[in-house]
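Heads up, the thing below is written out as structure tokens.
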Amino acid sequence: MECWKALLFVGLLGMLGEGFLNCPLGYTTSEDSEFCVDHNECLELNVPCGKDAKCINTPGSYYCNCLKGFVGVNKEQFNFTEGQCQDVNECIDHTDICGHAAYCTNLIGSFNCTCHVGYTTTTSGPENCIDIDECKGPDKEDLCGENGTCENRNGSYRCTCLKGYTNYGKDKTTCSKLDCDSFNGTGGPAPSLGGLADILFMMRNSCLALSDPSTAGDGKELLQNLFTATEAILSPGHLESSEDVSGLLVAVENAIMLIGPQLKDGSTKMTTTETDLEIAVQRGKTPPTGPIRLTNENASLDTDWTTAAGMGSYGGFALAALLSYKNLETSVNRSFDGLTGHEKEGVSPSFQISSKVVSVVVSNPSTQNLSSPVNITLRHLQDNVESAKLRYICAYWNDGAWSTDGCYPLQSTATHTVCTCQHLSSFAVLMALYDMEHTFGLQLVTKIGLTISLLCLVLCILTFKFCRSIQGSRTTIHLHLCVCLFMADLVFLAGISRTKPVGGCRFVAAMLHYFFLGVFTWMLLEGVQLYRMVVLVFNASIRPLYLFLTGYGTPLLIVAISAIIRPNGYGTDHHCWLSLEHGLIWSFYSPVCFIIILNVFFFIITVWKLALKFTSLNPDLSKLHKIKAFTVTAIAQMCILGLMWVFGAFLFEEGTTVEAYIFTILNSLQGALVFIMHCLLSKQVRDEYAHFFSCVCTSQKKRYSDLSSTNPSSSQSQASRSGQNTGESKI
């Protein structure tokens, strides 16, 4: 009809002749301007249909038709001339367009279906996904391992492990063998260590429970229980023996290996007052790769997942852990016997722990022969300036002793040491001290000085024993003081450096402890005796029984109690003396300090009383001068011996060469000092010596003389001299 109208309109124009041709909307004149023809709007560049619609021309007009997957803004797909086509979101309008086993992804003008993991597409279309039976796949034997049974499920599968194997509650993890026997408490852990049995019992029960397929333990809670129990062991005090340390380290490392795969997070950190732990876990069908860096306040670990997982069979997970013990270094500051080959210029160093103890745990079963070394950075306990007198050594704990095999320092500064190790265990940095460079000279001084001291003490003992003119309570005290000092110097000279066997070294240390305490105890008795001589007018002497009970009984009681409480504190790796590790040294220094303070009190009172008596009306000057001399020698003796132990306080562990020489010289002076002050400076003793030597010199003449012709005047002279000496003997 429209066409007929157009033709009629054209005819009318033709009948008008040569008049102006005016075409209607949607038409245009022909090339000869004689006719009006249809205008094709779809060929123009500015057609408003847009790129997502198809333009359809009509006589005198056009319309737009949206492409598939698009709809007009007015929700119509046909016959619109204004507006744009917009995308249809099939994933919202048709929620089940891909089915229950696929994800729908909207595209511009279309959509895409992606099958869920465990499903695959069929030939009928992407919206149809079917379950994959993994248990029948080409890698079915690798899914659950030789000790697991694969059970297919919709979109997944499940591994059921045999008894004694587990997948740690992860259905799609390879079954791994459980080593519950490592928590039996045999073959290493010391049963005497309090609290360790609780850890072993807890971890064994957890290990056995993993054999049940329905059991999925809470790894983080179990880890918290482990370190609560560990803290209970470490908090009360230091571990007593190397066996205790080994038992704890092995138990904790095995526990981390069991707990790690049960952790849900890829990284777990836990800090207590005694430990600092970081664990990293990776899971997957293929072994992980890439670097690993674990850090805490005192150490850091640098390795890679290939080393952590190992080159053997892969169990579906890999683990790496760094555990730092905050206070364990004091308990392992021993057992250096296996450290050899660190001599410097012929001098063997002394060792001490210079970092916190850290344990490195990985899932690699071959930790004793790693494919590539791991780097462990350890912070020093103290910042030490580099010196030729010290060297840092990387060591690991091996069966109750430190060893350096396969572990070397890569770099050392004043604050840190980087250790590179071919195997994994518990590690620490040791500091080798070369302070005692003049070993030969020091030994020579010690031997010569103590030999002279022993000879002087023998003379003192013989003098105090057989010199009748000076017998009394004070002489008895001097006699037994010299006996104790003689035995202490003799044991010191013979056994201070004989650290093997251990039992003999402990006996030497106990004897030194006893006799040196005896010396100070008899010094205290001397101060008490001087006090009584000044204060008391009558009966100033002390009964010998009381002297012996105090002088020998008190040191024996202290040593017995110390040996019962800390038997392992007697003897160190380098000297047979009291160890500084557990405070046993204070069983010596506490009584010594107490005795010195008490003696100072007695001496002050004695000097004060002497001053008062010197100013009295009728003083006995002879007696007072003798007591004054006695007091001066006693104070000098106490000062020398006390000063000696100021330098010897920490000599056996941390002393320098200068301190060693001062201690040795003062120790050597003791015998000579006692001999000079109590023998050579005493007129009575000098007279006895003169009489003795005169008898020796004249003995040869007396052999040929007639014994009956003894000179009476000589006898009278001797009797007179003996009578004169009784006054001082009474004092």
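The values are calculated or read from the model by the stated rules, or taken from the named source; none is laboratory data. Since this is a predicted model, take the numbers as computed values, not measurements. Using ideal geometry, Cβ is built from the backbone for each residue, glycine included, and neighbour counts are taken over all protein chains shown.
Could you tell me whether L258 is touching a Cys at 6+ places or on another chain (Cβ under 9 Å) and under 27 Å from Y396 (Cβ atoms)? Answer is yes for this residue. Mind telling me which of the residues R532, R566 ends up being surrounded by 16 or more Cβ atoms within 10 Å (Cβ to Cβ), of a type in the set (K, R) and in contact (Cβ under 8 Å) with a residue 12 or more places away in the chain? Being surrounded by 16 or more Cβ atoms within 10 Å (Cβ to Cβ), of a type in the set (K, R) and in contact (Cβ under 8 Å) with a residue 12 or more places away in the chain holds for just one of R532, R566, which is R566. Taken as a whole, the structure leaves S587 outside the set of residues that are buried (at least 17 other Cβ atoms within 10 Å of the Cβ), touching a strand residue (DSSP E or B) at 6+ places or on another chain (Cβ under 9 Å), without any contact (Cβ under 8 Å) to a residue 60 or more places away in the chain and under 18 Å from C484 (Cβ atoms).
Restricted to the stretch 456-566, the set of helices (runs of 4 or more DSSP H) holding at least 3 residues that are farther than 25 Å from F602 by Cβ comprises 473-495, 502-535, 554-565. Residue count for the stretch 144-164 satisfying the condition of being in contact (Cβ under 8 Å) with a residue 40 or more places away in the chain and surrounded by 21 or more Cβ atoms within 10 Å (Cβ to Cβ): 2. The condition (being without any contact (Cβ under 8 Å) to a residue 60 or more places away in the chain, under 30 Å from S176 (Cα atoms), of a type in the set (V, I, T) and exposed (fewer than 15 other Cβ atoms within 10 Å of the Cβ)) is satisfied by just one residue among T289, T340, T367: T289. Of the numbered criteria (1) assigned to a helix (DSSP H, G or I); (2) crowded, with 19+ Cβ neighbours inside 10 Å; (3) under 22 Å from the mean Cα position of the chain (by Cα), the one M257 fails is (2). Taking the conditions (1) within 23 Å of S579 (Cα to Cα); (2) hydroxyl-bearing (S, T, Y); (3) touching a residue at least 12 places away in the same chain (Cβ under 8 Å) in turn, S412 satisfies each one other than (1).
Considering L517, L530, the condition of being in contact with a helix residue (DSSP H, G or I) (Cβ under 8 Å, 6 or more places away or on another chain) and closer than 26 Å to K609 by Cβ is satisfied by L530 alone. Within the stretch 307-335, the only residue that satisfies the criterion of being in contact with a Pro (Cβ under 7 Å, 6 or more places away or on another chain) and hydroxyl-bearing (S, T, Y) is Y314. When residues of the stretch 302-313 are filtered for being surrounded by fewer than 19 Cβ atoms within 10 Å (Cβ to Cβ) and modelled with pLDDT under 90, how many remain? Residues meeting the conditions: 3.
Selection of strands (runs of 3 or more DSSP E) fully inside the stretch 357-422 by the criterion of at least 3 residues being of a type in the set (A, V, I, L, M) returns 357-362, 374-379, 390-398. Of D399, D405, D383, all but one fail to be in the same structural domain as S348 (by TED's automatic domain parsing), within 19 Å of E253 (Cα to Cα) and charged (D, E, K, R); the exception is D399.
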